[in-house]
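Would you mind keeping the following structure in view while I ask a few things?
Please treat every number below as a calculation from the coordinates, not as lab data. From a predicted model like this one, the values you see are computed outputs, not experimental measurements. Note that we place each Cβ from the backbone using ideal geometry, even for glycine, and neighbour counts take in every protein chain shown.
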Amino acid sequence: MQKNKGFTLIELMVTIGVLAIIASIAAPSMNDFRKNQQIKEQENKLRLALTEARTEARLQNKPMTVKFSSATSGASNTIFIDIDDSKFDFNMKNKKIVFYSNGLADISDGACLSISELDGEHTRAIKIDKLGILSNTSSCPGGV
């Protein structure tokens with residue numbers, strides 16, 4: 001009598017069931033990871049634009065403005081940042097920051113930019129001091 005080598009139907013069904021359970025456990029954490037990565041992407045976009053404005057102000061020896069709105073035609077020495085407001089909530093007291101040729105920012109007591117998902121589950125914040133230095137913070141003081 002020849003011995004069959006292979007898997008029975010029951011063994012395959014048990015294996016598929018175990019894999020389905022493991023996948024259902026991993027799915028919520030993958031969704032959370034994806035949302036967190038999208039917020040980080042927006043934070044990096046903000047950070048890059050702010051750093052670029054500060055650097056350009058020093059290189060060109062003239063003020064550079066960062067505006068948090070859609071671009072308008074004819075604006076010189078201005079960097080526009082357009083946040084996707086259908087997915088993210090962006091908060092800042094004033095909607096522009098000016099960097100001068102010495103690298104300083106036109107903000108007397110510093111500024112804080114907060115970006116979060118519309119449901120408010122994931123939030124990232126960037127603090128800008130009057131020297132124009134960027135730093136991460138857990139949240140902005142005063143909710144903005």
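Only Cα pairs under 8 Å and at least 6 apart count here; give the relative contact order of the chain as a rounded whole percent. Can you show the working numbers first?
Details: 209 pairs, mean separation 27.1, N = 144.
Answer for the chain is 19 percent.
Let me ask something else about it. To make sure I understand, if each residue's beta carbon is the centre and we count other beta carbons within 10 Å, what order do 80, 99 fall in, fewest to most?
Neighbour counts put them in this order, fewest first: 80, 99.
What pairs from 67/87; 35/96; 87/130; 35/130 go past 24 Å between their alpha carbons?
Cα-Cα > 24 Å for 35/96; 87/130; 35/130; rest within.
Scan around residue 79 for amide H atoms under 5 Å from its own, H built in the peptide plane at 1.01 Å from N, and keep only partners 5 or more places away or cross-chain.
Hits under the 5 Å cutoff: 65, 66, 67.
Another one. Using θ = phi - 60° and the Karplus form 6.51 cos²θ - 1.76 cosθ + 1.60, what ³J(HN,Hα) does each residue of the range 19-34 get, whole Hz, x for Gly and Pro?
With the stated coefficients, the range 19-34 comes to 4, 5, 5, 4, 5, 5, 6, 7, 4, x, 5, 5, 5, 5, 4, 4 Hz.
Please identify every one of the trypsin sites (Lys or Arg not before Pro) in the range 5-60 that sits in a loop by DSSP and has no more than 10 other beta carbons within 10 Å of its own beta carbon.
Those that pass, being in a loop and sparsely packed, are 5.
Would you look at the GNM of the chain, springs on alpha carbons closer than 10 Å, and say which of 43, 11, 121 moves the most?
Of the options given, 11 has the highest mean-square fluctuation.
Jot down the radius of gyration and Dmax of the range 1-72, Cα atoms only, both in angstrom.
27.3, 91
Charges at C-beta only: +1 for Lys and Arg, -1 for Asp and Glu. How large is the resulting dipole of the chain about its Cα centre, in Debye rounded to 20?
For the chain, the charge dipole is close to 360 debye.
Within 10 Å of each residue's Cβ, count the other Cβ atoms and sort 92, 64, 30 from fewest upward.
Fewest-to-most Cβ neighbours within 10 Å comes out as 30, 92, 64.
Looking at the chain, I'd like the Rg to Rh ratio, where Rg is from alpha-carbon atoms and Rh is Kirkwood's inverse mean 1/r. Walk me through the intermediate numbers first.
Details: Rg = 24.3 Å, Rh = 18.2 Å.
Result for the chain is an Rg/Rh of 1.34.
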